[in-house]
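Read through the structure below, which is laid out as structure tokens, and then see the notes.
What follows draws every value from the coordinates through simple rules; no lab data is involved. Note that the structure is a prediction, hence the values are computed from the model and not measured. In this analysis, Cβ positions are derived from the backbone assuming ideal geometry, glycine residues included, and neighbour counts consider all displayed protein chains.
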Amino acid sequence: MARTPIAQMSFTKVYPLLVQKAERRGRTREEVDTVTCWLTGYDRDGLARQLERDLTYQEFFDEAPAMNPNRALIRGKICGVDIAAIEDPVEQDARYLDKLVDELARGRAMETILRA
């Protein structure tokens, strides 16, 4: 079966899975929204509007108000792949978000997650 490129995956359908990952570990949707807004520059209302639409990752990141320049400080591997080595910018941004939610689920402090 052919693999769907991340850029074409439905962000609207994946986002609830990210929230579930965090909630299983005692974190909240609000915290997931916080890291998502930090990464993309959306405010909470803007994020809510985007989640009402059936967007792909490509569209979600293309329409982001201001991708956080500090996202390059996010290091590590996600699904066994080094984030810094990912060449496709949409895939890299999706993996940044996944890594932020992983850190949240692992109980890291929000100040550390947001590279403050």
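Tell me, yes or no, whether the range 40-61 has at least one residue that is surrounded by 12 or more Cβ atoms within 10 Å (Cβ to Cβ), over 14 Å from the mean Cα position of the chain (by Cα) and among the small types (Gly, Ala, Ser). Within the range 40-61 (the criterion being surrounded by 12 or more Cβ atoms within 10 Å (Cβ to Cβ), over 14 Å from the mean Cα position of the chain (by Cα) and among the small types (Gly, Ala, Ser)), the answer is yes, since at least one residue qualifies.
If you check ALA7 against the conditions, is it touching a residue at least 12 places away in the same chain (Cβ under 8 Å) and under 25 Å from GLU87 (Cα atoms)? For ALA7, the condition - touching a residue at least 12 places away in the same chain (Cβ under 8 Å) and under 25 Å from GLU87 (Cα atoms) - is met. Could you list, in sequence order, the residues of the range 65-78 that are part of a helix (DSSP H, G or I) and surrounded by fewer than 18 Cβ atoms within 10 Å (Cβ to Cβ)? If the condition is that a residue be part of a helix (DSSP H, G or I) and surrounded by fewer than 18 Cβ atoms within 10 Å (Cβ to Cβ), then PRO69, ASN70, ALA72, LEU73 are the ones that fit.
Scanning the range 79-94 for residues that are crowded, with 18+ Cβ neighbours inside 10 Å and without any contact (Cβ under 8 Å) to a residue 40 or more places away in the chain returns ILE83, GLN92. Note on the range 32-64: residues that are in a loop (DSSP other than H, G, I, E, B), of a type in the set (Gly, Ala, Ser) and on the phi < 0 side of the Ramachandran plot amount to 1.
Name the single residue, out of those in the range 1-27 being in a loop (DSSP other than H, G, I, E, B) and over 16 Å from LEU114 (Cα atoms), that is nearest to the chain's Cα centre (by Cα). Here the answer is MET9.
Among the residues of the range 95-116, those that are β-branched (Val, Ile, Thr) and buried (at least 20 other Cβ atoms within 10 Å of the Cβ) comprise VAL101, ILE113.
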